[in-house]
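The values are calculated or read from the model by the stated rules, or taken from the named source; none is laboratory data. Because the structure is predicted, anything quoted here is derived from the model rather than measured. Cβ placement follows ideal geometry from the backbone for every residue including glycine, while neighbour counts extend to all protein chains displayed.
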Amino acid sequence: MKVIAIANQKGGIGKTTTTAALAAGLKQRGFKVLAVDVDPQGNLSTSSNANNVELPTVYELLKGEVTAEETIQKLDVYDIIPANVMLAGAEQELSQLGKEQRLKEMLQPIMGLYDYIVIDTPPALGVLTINAFTVADEIIIPTTAGIFAATGIKQLHDTILKVRRYCNDKVKIAGILLTRFDPRTNNNQDMKEVTEQLGEYINAKLFNTYIRASIVIEEAQTRKVDVFSYKENSAVAQDYSAFVDEYLKGDRS
């Protein structure tokens, strides 16, 4: 059983898309998968067609008002614990004592039901992201090939080191995934080299697979289906499928 957090404090780099594709890809390969949305924007929940309005969400879970079992919604694509904008208040509402451990404590009873739990985190390094890192075995960092995105990875790494020191000494970075990548441009190729060097600096590999930019992602999210079900032969679906295979190969080695 493995818990994977998908994280980058920079927005717009394909974090939610990667969470959904990884969870859906793992489910397609026969694994029992739970996606957990801890982003107050609730984009993973909405694009997965989960009900994050009338049913309990991760917000109530973190406050201890419901159990994990009561928040799980069983969808065709994967099981999910959804989120909505109410989660934005969690930073202030969670009590100080042990607040970084709250998600781990609440997920503990259902961990044995799944092979993989994949967590989508907010574009910030606050208490919600720390909660995800505290329960995670591994962190995958999606990023675009840009200088500001690369700079953000250094800040993210600093946070991971603090989590290792105080909350979860076992968490590691599974790798960095380039998203919205165009291999035909010199700038993207240059930035790929920069990202690779940064990965070496923080002791994290750059996945061989990269994800090309595609309108198919937005179309699938609008229709509230996963990218594989929507257009499995599209370039981006093939990219994400290759990424899932590469991740699993590394997971088994």
Q: Go through (1) at positive phi; (2) assigned to a helix (DSSP H, G or I) one by one and return the number of the condition ASN203 breaks.
A: (2)
Q) With respect to GLY89, is the statement that it is among the small types (Gly, Ala, Ser) and more than 19 Å from GLY14 (Cβ to Cβ) true? A) yes
Q: Please find, within the stretch 78-90, the residue that is nearest to ALA24 (Cα to Cα) out of those that are at pLDDT below 95 and surrounded by 14 or more Cβ atoms within 10 Å (Cβ to Cβ).
A: LEU87
Q. Right, LYS104: under 20 Å from the mean Cα position of the chain (by Cα) and of a type in the set (Lys, Arg) or not?
A. yes
Q. Does ALA35 satisfy being part of a strand (DSSP E or B), under 19 Å from ILE217 (Cα atoms) and of a type in the set (A, V, I, L, M)?
A. yes
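Residue under question is ILE110, and the condition is that it be buried (at least 22 other Cβ atoms within 10 Å of the Cβ), touching a helix residue (DSSP H, G or I) at 6+ places or on another chain (Cβ under 7 Å) and either in a strand (DSSP E or B) or at pLDDT 95 or above (or both); does it hold? Steps first, answer last, please.
On the way: buried (at least 22 other Cβ atoms within 10 Å of the Cβ): no; touching a helix residue (DSSP H, G or I) at 6+ places or on another chain (Cβ under 7 Å): yes; either in a strand (DSSP E or B) or at pLDDT 95 or above (or both): yes.
Spelling it out, it is not the case that ILE110 is buried (at least 22 other Cβ atoms within 10 Å of the Cβ), touching a helix residue (DSSP H, G or I) at 6+ places or on another chain (Cβ under 7 Å) and either in a strand (DSSP E or B) or at pLDDT 95 or above (or both).
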Q: Taking the residues in the stretch 76-97 that are of a type in the set (Asp, Glu) and in a helix (DSSP H, G or I) as candidates, determine which candidate is nearest to the chain's Cα centre (by Cα).
A: GLU91
Q: Could you please give the count of residues in the stretch 1-29 that are over 22 Å from ASN49 (Cβ atoms) and small (Gly, Ala, Ser)?
A: 4
Q: Write out, first by first residue and then by second, each pair whose Cβ atoms fall under 8 Å of each other, whose residues are 6+ apart or on separate chains, and whose first residue, in the stretch 162-175, is at positive phi while the second is part of a helix (DSSP H, G or I) and surrounded by 19 or more Cβ atoms within 10 Å (Cβ to Cβ).
A: GLY175/GLY199; GLY175/TYR247
**Q.** the stretch 1-57, residues that are free of Cβ contacts under 8 Å to residues at least 24 places away in the same chain and farther than 26 Å from GLN238 by Cβ
**A.** GLU54, PRO56
Q: For ALA5, work out the one condition from (1) modelled with pLDDT of 95 or more; (2) buried (at least 23 other Cβ atoms within 10 Å of the Cβ); (3) assigned to a helix (DSSP H, G or I); (4) among the aliphatic types (A, V, I, L, M) it doesn't fulfil.
A: (3)
**Q.** Looking only at the stretch 49-75, and only at residues there that are within 21 Å of the chain's Cα centre (by Cα) and of a type in the set (Gly, Ala, Ser), the one that is nearest to LYS27 (Cα to Cα)
**A.** ALA50
Q. Taking into account only those residues within the stretch 178-222 that are surrounded by 16 or more Cβ atoms within 10 Å (Cβ to Cβ) and of a type in the set (S, T, N, Q), which is nearest to VAL77 (Cα to Cα)?
A. GLN221
